[in-house]
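The values are calculated or read from the model by the stated rules, or taken from the named source; none is laboratory data. Keep in mind that this is a model prediction, so the values were computed, not measured. Neighbour counts run over all protein chains shown; Cβ positions are idealised from the backbone, glycine included. These accessible areas exclude ligands, DNA and RNA; they are computed on the full protein's heavy atoms, side chains included. Shrake-Rupley method; radii C 1.70, N 1.55, O 1.52, S 1.80 Å.
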Amino acid sequence: MKSAKGTVFRYGDNVDTDVIIPARYLNTSDPAELAAHCMEDIDGDFIKKVSNGDIIVADKNFGCGSSREHAPIAIKAAGVACVIAETFARIFYRNAINIGLPIIECAEAPGGIAAGDKVEVDFDTGVIRNLTKGTSFQGQAFPEFMQKIIAAEGLVNYINQR
Amino acid sequence: MGMTMTQKILASHAGLASVEAGQLIEAELDLVLGNDITSPVAIREMEKMNVSGVFDKDKIALVPDHFVPNKDIKSAEHCQCVREFAVRHNITNYFEVGEMGIEHALLPEKGLTVAGDVIIGADSHTCTYGALGAFSTGVGSTDMAAGMATGKAWFKVPGAIRFNLTGKLNRFVSGKDVILHIIGMIGVDGALYKSMEFAGEGIGGLSMDDRFTIANMAIEAGGKNGIFPVDDLALAYIKEHSDKPYTVYEADEDAVYDAEYTIDLSSLKPTVAFPHLPENTKTLDEITETIRIDQVVIGSCTNGRLDDLRQAAAILKGRHVAKGMRCIVIPATQRIYLEAMEEGLLKIFIEAGAVVSTPTCGPCLGGYMGILAAGERCVSTTNRNFVGRMGHVESEIYLASPAVAAASAISGNLTGPDQL
């Protein structure tokens, strides 16, 4: 996947893994079951409205809290193509890369993107375009080491290839 | 350029003479940990890897503790998956119900975490072992899978924030108040991607259980790890619990820190984090309104150790919890449970009208054993007060020390132990 283009779901600071996927659903690890409850405690309409290829945009510290990989798994299985945030909590950041959910850190983009905007992200260049507003932002490109993991579509394949 | 304590441990495990912040390294692991929530996902990922087995059956710890004893059929299936994997790979450190405890209280007690180790765990509170001078950090299930298969993990070497602790804690003030104070000061992303390095003569006055509590909540400030220097008290703990070889690392004199704070421990007061973020802290004397409480939880990987139970028992002794209050006490391990029994603490809890549970993470993450209804409030010694963390999205969690939790159970309102 070299790019993503979709409608934006917009959230604020400190979106924690408990609201991304509440622990009451952690008795399963099935991606489809997890996706059915994704963002339920912060946005009950999310799962009804989200379509394949949509994009989540948030402010600071997205994915803070628990180490549950179920959180990026639920987001990916819900069809989200990319998460853009000002910053990510570090365990979520690792987990997203390891399971192949594209994420981009960009200090400026969240301020220029609103819910419902159409946004396009180029993963090779890190350029984020707000098609609704006609603006663009430069996201942070991944270090080469992480690009290799992403190119292999996750850590498991990366290890298998070595 | 000098290195921090964390950087020195990482350099040694990466086979490098020195490392600096931002550098990507691959480090050898001394221990890989997982629980009943995260291990099934890791096991599934490991089975996709072209590996014949685990890197070292003695360096993996599997601790079903979150929904254990099994809370429902799906949880039972998760535990079954972990148990069968442990048998299949002859994992030495698999802890079944009856010998298990909350992972971050259990592993130090079993001597599996010692100074100088590099430890990853598929649980965010893996940072607890920094109290013993280890580098330990939480990761996800895929990292755990790769760790179990290869014995290695990639890290970006963290920069550091230094917390210079001076003075001595006052009565009714504990490690929980120290870390809540720090999180209130720097925020829930104040240490994002960084190590939190504790230093200063004030550490000498902190018990090991205080230090475990402080290191445990480094993640609540976004930290990669929290770490304490290894003093005589830490060495005594390690020698009492472990026969593993350990290495004591010290930060270089000229180590570089992104920020430094000095905290006079004698100035700290009982502190509470209000809903819905651990950074929403107030000291008890700043609270003017009456906050009615429905439930109190004393336990978790943050505050379920013997010192914590002693502090709660000292306040509950000879008193009774308020009418309509549910006070739930959860010793973190079987050994703590037994010691609390032998010291008479459990008798105090039960006579005070509290319930005492088998070790489990249960209510901390809204699993079971104390779920909140809409509109209910809980004072909890746990680590997170996010929306819906302990149950209904309209419930509220106030994070506090065991002393404040016990006092609140008695009064039925958010209360300090000196206000009873």
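Of all residues in segment B:197-237, how many are part of a helix (DSSP H, G or I) and in contact with an Asp or Glu (Cβ under 6 Å, 6 or more places away or on another chain)?
Filtering segment B:197-237 for residues part of a helix (DSSP H, G or I) gives B:201-205, B:208-221, B:232-237.
Filter once more, so that each one left must be in contact with an Asp or Glu (Cβ under 6 Å, 6 or more places away or on another chain): B:209.
Selection size over segment B:197-237: 1.
One residue stands out in segment B:355-412 among those that are at positive phi and touching a strand residue (DSSP E or B) at 6+ places or on another chain (Cβ under 8 Å): the one that is most open to solvent (accessible area, probe 1.4 Å), namely B:369.
Among the candidates A:110, A:31, A:72, single out the residue that is in contact (Cβ under 8 Å) with a residue 12 or more places away in the chain and open to solvent by 40 Å² or more (accessible area, probe 1.4 Å). That would be A:31, the only listed residue that is in contact (Cβ under 8 Å) with a residue 12 or more places away in the chain and open to solvent by 40 Å² or more (accessible area, probe 1.4 Å).
Tell me which residues, restricted to segment B:27-41, are closer than 14 Å to residue B:66 by Cβ and either in contact with a strand residue (DSSP E or B) (Cβ under 7 Å, 6 or more places away or on another chain) or not acidic (Asp, Glu) (or both). Steps first, answer last, please.
In the first step, residues of segment B:27-41 are kept if they are closer than 14 Å to residue B:66 by Cβ; the result is B:33-41.
Passing the criteria: B:33, B:34, B:35, B:37, B:38, B:39, B:40, B:41.
Of B:102, B:119, all but one fail to be out of contact with any strand residue (DSSP E or B) (no Cβ under 6 Å at 6 or more places or on another chain) and either more than 14 Å from chain A (Cβ to nearest Cβ) or crowded, with 24+ Cβ neighbours inside 10 Å (or both); the exception is B:102.
Candidates are the residues of segment A:48-69 that are among the polar types (S, T, N, Q) and out of contact with any strand residue (DSSP E or B) (no Cβ under 6 Å at 6 or more places or on another chain); the one that is most open to solvent (accessible area, probe 1.4 Å) is A:52. Within segment B:72-123, the set of residues being more than 22 Å from the chain's Cα centre (by Cα) and outside any helix (DSSP H, G or I) comprises B:72, B:89, B:90, B:91, B:92. Selection of segment B:259-279 for residues being in contact with a strand residue (DSSP E or B) (Cβ under 6 Å, 6 or more places away or on another chain), open to solvent by 40 Å² or more (accessible area, probe 1.4 Å) and not aromatic (Phe, Trp, Tyr) yields B:260, B:262, B:264, B:269. One residue stands out in segment B:280-296 among those that are acidic (Asp, Glu) and over 22 Å from residue B:170 (Cα atoms): the one that is surrounded by the fewest Cβ atoms within 10 Å (Cβ to Cβ), namely B:289.
Anything in segment B:166-200 that is buried (at least 24 other Cβ atoms within 10 Å of the Cβ), within 14 Å of chain A (Cβ to nearest Cβ) and hydroxyl-bearing (Ser, Thr, Tyr)? List them, or say none. Of everything in segment B:166-200, just one residue is buried (at least 24 other Cβ atoms within 10 Å of the Cβ), within 14 Å of chain A (Cβ to nearest Cβ) and hydroxyl-bearing (Ser, Thr, Tyr), namely B:195.
Would you say residue B:24 is touching a strand residue (DSSP E or B) at 6+ places or on another chain (Cβ under 8 Å), within 14 Å of another protein chain (Cβ to nearest Cβ) and modelled with pLDDT under 95? Can you show your working first?
Values: touching a strand residue (DSSP E or B) at 6+ places or on another chain (Cβ under 8 Å): yes; within 14 Å of another protein chain (Cβ to nearest Cβ): yes; modelled with pLDDT under 95: yes.
Judged against the criteria, residue B:24 is a match.
Quick check, is residue B:30 touching a residue at least 60 places away in the same chain (Cβ under 8 Å), open to solvent by 20 Å² or more (accessible area, probe 1.4 Å) and either within 14 Å of another protein chain (Cβ to nearest Cβ) or charged (D, E, K, R) (or both)? Full working, then the answer.
Values: touching a residue at least 60 places away in the same chain (Cβ under 8 Å): yes; open to solvent by 20 Å² or more (accessible area, probe 1.4 Å): yes; either within 14 Å of another protein chain (Cβ to nearest Cβ) or charged (D, E, K, R) (or both): yes.
So residue B:30 fits the description; yes.
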